[in-house]
Amino acid sequence: AGARDQRGFADGVGAAARFNQPYDVVLTPDDVLIIADQDNHRLRAVTLQGVVSTYAGSGARGALDGTRDRATFNRPQGLALDARGDVYVTDLDGYLVRRVSAQGVVSTVAGNGSRGFTDGAPRSARFYGLEGIDVAPVGRTLFIADGNRGGAERNHRVRRISLGPQEG
């Protein structure tokens, strides 16, 4: 899906589809690839037949929670999938960790939206790099590679986020 040297946004089939900085991918149990399309501020779905559609995100830059079509992202990067079909997303320039539930609702599960390094309750935590993510199979524990965003900062940390029953 997509075409070399043809950045942009277009849902479609094969080379007719357009991406703008695709970054990470997860494969769902029903054989759909979910792609973090960073500079389109969306998650995209790609079938194994090459059909591309928008999975989540309106395309506007932001941190709005809500239904998949109305929610906003700010450069989604890392992706992880739990056993329930929830997709976890590192929102790089929003300094947040988000979840797209299998029911189609986007919510913020960690981060206060400010850049930095602070441990604490998930929604009070501050992140810097958000370069990678994985989730325990039951979805209650997230692991975040909180790196240096390619710069000289010394954020060489792996963070663990324990989600409470209402969040996970």
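The values are calculated or read from the model by the stated rules, or taken from the named source; none is laboratory data. Since this is a predicted model, take the numbers as computed values, not measurements. Cβ atoms come from the backbone with ideal geometry, glycine included; neighbour counts cover every protein chain shown. These area figures cover heavy atoms from the full protein model, side chains too; ligands, DNA and RNA do not enter into them. Shrake-Rupley method; radii C 1.70, N 1.55, O 1.52, S 1.80 Å.
Residue by residue, here is whether (1) of a type in the set (Lys, Arg); (2) in contact with a Ser or Thr (Cβ under 9 Å, 6 or more places away or on another chain); (3) farther than 30 Å from residue 112 by Cβ; (4) open to solvent by less than 20 Å² (accessible area, probe 1.4 Å) holds:
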position	(1), (2), (3), (4)
10	no, no, yes, no
15	no, no, yes, no
33	no, yes, yes, no
38	no, no, no, yes
46	no, yes, yes, yes
79	no, yes, no, yes
86	no, yes, no, yes
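Listed here are the residues, each with its yes/no results for (1) assigned to a strand (DSSP E or B); (2) modelled with pLDDT of 90 or more.
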residue	(1), (2)
64	no, yes
71	no, yes
97	yes, yes
103	no, yes
107	yes, yes
137	no, no
152	no, no
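What number of residues in segment 114-135 are part of a loop (DSSP other than H, G, I, E, B) and more than 20 Å from residue 23 (Cβ to Cβ)? Break it down into steps so the answer makes sense when it comes.
Taking segment 114-135 as the starting set, the residues that turn out to be part of a loop (DSSP other than H, G, I, E, B) are 114, 116-117, 119-121, 125, 128-131.
Checking which are more than 20 Å from residue 23 (Cβ to Cβ) leaves us with 114, 116-117, 119-121, 125.
Number satisfying all stated conditions: 7.
Of all residues in segment 7-25, those satisfying the criterion of being out of contact with any Phe, Trp or Tyr (no Cβ under 9 Å at 6 or more places or on another chain) and more than 12 Å from residue 52 (Cβ to Cβ) are 21, 23, 24, 25.
Take the conditions (1) open to solvent by 30 Å² or more (accessible area, probe 1.4 Å); (2) more than 26 Å from residue 147 (Cα to Cα); (3) touching a strand residue (DSSP E or B) at 6+ places or on another chain (Cβ under 8 Å); residue 22 misses just one of them, which is (2). Among the residues making up segment 14-68, a single one is at positive phi and of a type in the set (Asp, Glu): 31.
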